[in-house]
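The values are calculated or read from the model by the stated rules, or taken from the named source; none is laboratory data. Worth saying up front: this structure is predicted, and the values here are computed from it rather than measured. Positions of Cβ are backbone-derived with ideal geometry, glycine not excepted, and every protein chain shown enters the neighbour counts. The protein model used for the area step is the full one, side chains on, heavy atoms only, and it has no ligands, DNA or RNA in it. Shrake-Rupley method; radii C 1.70, N 1.55, O 1.52, S 1.80 Å.
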Amino acid sequence: MDSLLQAQLKLMPEMSILLQKRYRILQTIQLSAGSGRRVIGDLLGLSERETRKELDFLRNQGFIEISRDGASITSSGNDLLIELKEVVREWSGRLQLEQSLANYLKIKEVIIVPGNVDTNTNTALLQSKEAAKYLESILSDESIIAVTGGTTIASISNYVHQTDKWKRLLFIAARGGVGKDVRLQANTIASLFANKMNGSYRTLYMPDSLSEEAYSTMKNEPFIKEMMDLYERTNIIIHGIGDALEMAHRRNSSLEEMQRLKEIGAVSEAFGYYFNDQGEAVHRIRTIGVQLKQLGNMEHLLAVAGGTKKANALLSYFKQAPAQTVLVTDEGAAREMIQIIEQNN
């Protein structure tokens, strides 16, 4: 940290709190353009009086505009967010938290956004925005990108830029669908990314769970072999991490299956594999898609998951995650993970 800033903080420690608060308000307005004072206050847990005071300040400084439609950020406000991002990241303690978690989880990097997706929808948007930014930083011509399904991964496609900067990008479904909502299945999400980034996509229209007989038959089909070859050549995979029982519920698992997952100590789920608290794969869905052994050969793994409720699942999965993984998460999950780690040590 700059020595002048350090001196200012020693003299006026409250400056850090005020700066972070105003930064969060600007972020919220940027993500929720047109929101009124009450909505902004509710999202940030501020009183109506405090919200009004801060909005008046930001408007007088030229960082926001307020109309009948609500508050919107100005170009000066956008520039300010960019200029202050690293300062706020350090003052808030997130930089140290990112480094501590990355070291503990033994992965390449952890990126933490403020807030908790369990209680704040804007935090989920920030998480998706950071994931999109990181994805664009690692893309190259002819990259093959596999994507899993779910709300979190689908949201990332909203924040990648409409561009033809990269040539011959190929987005592929990492597996068949989960649940009944077609919009959140990997096939649909692959097409969303491809359409936005001037790429192509390949789909995998397969049930999420197959009988042993169907699995043995289907894996020898030419189009399945072609997809498996693409997985071997995949450069980047974008995936979520789920709570084991929650994911089983989404798959409409029977009561017997749910009970079985409890008995074997399943804590997390990713790629159709269920992991216990030691990161051991204790169960898997019989499905066509990316296999666990293929992950280690991929150049980049981008995991996106947040919320206090996901902390145990994240710690479970990362006991065995490849070292080249980057995790984009939120403060809710990050601080809960640190608390669990400290309690267990």
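For the chain, give the share of DSSP beta bridges that are antiparallel, in percent and rounded to the nearest 5; count only bridges with both residues there. It would help to have the intermediate numbers written out before the result.
Numbers: 14 of 37 bridges.
Of those bridges, close to 40 percent are antiparallel.
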Sorted largest first, extent of the stretch 72-144 alpha carbons per principal axis (Å): 38, 34, 26
Which sequence of Ile338, Ile144 reflects their accessible areas, 1.4 Å probe, from the largest down? Ile338, Ile144
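In square nanometres, what is the average projected area of the Cα convex hull of the stretch 200-345?
Details: hull surface 38.9 nm².
Mean projected area of the Cα convex hull: 9.7 nm².
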Share of Cα-Cα pairs in the chain lying beyond 29 Å, as whole percent: 44
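Based on DSSP, what percent of beta bridges with both residues in the stretch 247-345 are antiparallel, to the nearest 5?
Looking only at bridges with both residues in the stretch 247-345, the antiparallel portion is about 60 percent.
Throw me the Rg/Rh for the stretch 49-93, computed over C-alpha atoms with Kirkwood Rh, two decimals.
Rg divided by Rh gives 1.05.
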Work out the charge dipole of the chain with +1 on the Cβ of Lys and Arg and -1 on the Cβ of Asp and Glu about the Cα centre, then indicate which of Leu18, Ala71, Val39 is farthest towards its positive end. Ala71
Put +1 on the Cβ of every Lys and Arg and -1 on every Asp and Glu Cβ in the chain; which of Tyr134, Ala7, Gln30 then has its Cα farthest towards the positive end of the dipole? Gln30
I'd like the accessible area for Tyr231, computed on protein heavy atoms only with a 1.4 Å probe and all protein chains in place. Round to 10 Å², please. 0
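Could you grab the relative contact order for the chain? Cα pairs under 8 Å, six or more apart, rounded to a whole percent. Don't skip to the end; give the middle numbers.
Working: 616 pairs, mean separation 57.8, N = 345.
Relative contact order, the chain: 17 percent.
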Greater than 30 Å apart at Cα, pairs in Lys129/Lys309; Lys133/Lys167; Lys10/Lys129; Lys10/Lys108: Lys10/Lys129; Lys10/Lys108
Put a dot 7 Å past each Cα toward the Cβ at Arg183 and His249; how far apart are the dots in nm? 2.1
How large is the dipole of the chain about the Cα centre if only Lys and Arg carry +1 and Asp and Glu carry -1, each at its Cβ, rounded to the nearest 20 debye? 400
Take peptides 283-294, 120-131, 76-87 and line them up by average Cβ neighbours within 10 Å, highest first, as a rough protection proxy. 120-131, 283-294, 76-87
Got a sec? What order do Glu65, Glu221 fall in by accessible area at 1.4 Å, biggest, i.e. largest, first? Glu65, Glu221
Nearest 10 degrees is fine. How inclined is helix 48-60 to the longest principal axis of the chain, computing both from alpha carbons? 80
Carbon and sulfur: what percent of the chain's accessible surface (1.4 Å probe)? 48
Please work out how much accessible surface Trp166 shows to a 1.4 Å probe, ignoring ligands, DNA and RNA, in Å² rounded to 10. 20
